[in-house]
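Right, one structure below, let's go through it.
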Amino acid sequence: MSGKNETVVERRSDRELVVTRLFDAPARIVFEAWSRAELFQRWWVPKALGVPLRACEMDVRTGGGYRLEFGHDAANSMAFHGKYTEVTPPSKIVWTNEEGGEISITTVTFEDRGGQTLLTLSELYPSKEGCDEALTGSASGLPGQFEQLDALLVELVA
């Protein structure tokens, strides 16, 4: 792995962010890293955040659900949850983000590019304000998360 693949974050509209990145692994392996809880929890939280992923429950199938809990202990934790509305291995995962009262929708596609994978992540927010908040918040952590995913993919490809 070269580590030189760039994470591109682009605002497509008032309510949509699109993130693209090329990974040096086949789509089926990148898909596994997004769909198997034991792999997902190894890369999802940026280490720079300093907050561990305490719980990672994922039933990655159309109609399944997920729950992710971050924090140092139960009293100081934050949970994210939602449902998988479309899962098409190894090319697409769509889920809802249902915490906070407003539902946003995340779509991730995995496009095989001759042994590499072009990943496109689209987040559609219910409001411009939600998109603004994500642009300065969660989206800023994606480059670090994807570097961690790169490191995991090296192991999985080997």
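The values are calculated or read from the model by the stated rules, or taken from the named source; none is laboratory data. Computed from a predicted model, the values in this text were never measured in an experiment. So basically every Cβ, Gly included, is an ideal-geometry build from the backbone, and we count neighbours across all protein chains shown.
Flag: Arg113 does not match the condition of being surrounded by 15 or more Cβ atoms within 10 Å (Cβ to Cβ), basic (Lys, Arg) and out of contact with any Lys or Arg (no Cβ under 6 Å at 6 or more places or on another chain).
Among the residues of region 148-158, just one is of a type outside the set (A, V, I, L, M) and more than 14 Å from Trp34 (Cα to Cα), namely Glu155.
A count restricted to region 71-113 and to residues that are of a type in the set (Asp, Glu) and in contact with a Phe, Trp or Tyr (Cβ under 9 Å, 6 or more places away or on another chain) stands at 4. The set of residues in region 101-112 being in contact with a helix residue (DSSP H, G or I) (Cβ under 8 Å, 6 or more places away or on another chain) and either over 23 Å from Asp24 (Cβ atoms) or at pLDDT below 95 (or both) consists of Glu102, Ser104. Scanning region 82-102 turns up at least one residue that is farther than 28 Å from Leu118 by Cα, of a type in the set (Asp, Glu) and surrounded by 12 or more Cβ atoms within 10 Å (Cβ to Cβ). Of the residues Glu155, Glu133, Glu123, the single one that is part of a strand (DSSP E or B) and more than 19 Å from Gly50 (Cα to Cα) is Glu123.
Residues of region 60-99 that are small (Gly, Ala, Ser) and out of contact with any strand residue (DSSP E or B) (no Cβ under 9 Å at 6 or more places or on another chain): Ala75 alone.
In region 1-50, the qualifying residues are those that are in a helix (DSSP H, G or I) and of a type in the set (Val, Ile, Thr), and the one that is surrounded by the most Cβ atoms within 10 Å (Cβ to Cβ) is Val30.
Contact map, region 128-145: residues that are closer than 20 Å to Phe23 by Cβ paired with residues that are assigned to a helix (DSSP H, G or I) and of a type in the set (Gly, Ala, Ser), Cβ distance under 8 Å, separation 6+ or inter-chain. Pairs shown: Gly141/Ala48; Gly144/Ala48.
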